[in-house]
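Structure first, then comments.
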Amino acid sequence: MNIMNRTTKFLTVAMMAVFAMTAMAGGSYKKKSKDIAKNDIVETAVSAGSFTTLVAAVKAAGLVDTLKGDGPFTVFAPTDEAFAKLPAGTLENLLKPENKDQLAAILTYHVVSGKVKAKDVVNLNSATTVQGSDVTIAVENGGVVLNGNSNVVTTDIGTSNGVIHVIDTVILPPSNS
């Protein structure tokens, strides 16, 4: 799969996560759940309001069309707070046009092809991302942890082209990828 397809898949999933977090934060998730399934990943993320950094990154990486595609995709979507945990200057550097490929690789590392719901994720030790590298998955203290440091905080946010699982820390692909 080429990098554009990977990137598009990631963006779609990431956008779904954004919408879900906003809906959950507002306490009206059940009311909005029907709208979530009608919207693709990107539309879901934009509507959420808590994934503005992710949405900006998806746009900068040129992945919007991919994530609006048919899918299905599973996106492990970092919140704005997750991006804020990155070292100072990291995000600003990644958003520069000359770093578009690196940004796309990071974003597509948050996307898995197919629709992998929480009940399936807990039975996995790893998953191959659209970026091409595996992300490790562990069940610890009743929750799911990716790469040993990113907690899945909200699961199974449905979109028209996949599912979003919200995470609290940006995950980075192995440096040799």
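Quick note: the coordinates plus some simple rules give every number you see, no bench work behind them. Bear in mind the structure is a predicted one, so any value in this text is a computation, not a measurement. Neighbour counts run over all protein chains shown; Cβ positions are idealised from the backbone, glycine included.
Annotations
- Length available on full extension from THR52 to ALA138: 0.36 nm per residue minus the Cα-Cα distance, which gives 28.2 nm.
- Overall form of segment 55-135: prolate. Here a/c, set by the Cα gyration tensor axes a ≥ b ≥ c, is 1.5 or more, and a/b is the larger of a/b and b/c.
- FRET efficiency, ASP156 to GLN102 (Cβ-Cβ, R0 25 Å, nearest 0.05): 0.25
- Sites ALA118 and ASN149, calculated FRET efficiency, Cβ-Cβ separation with R0 25 Å, nearest 0.05: 0.85
- Backbone N within segment 139-177 under 17 Å of label point (7 Å from ASN125 Cα along the Cβ vector): 139-140, 145-148
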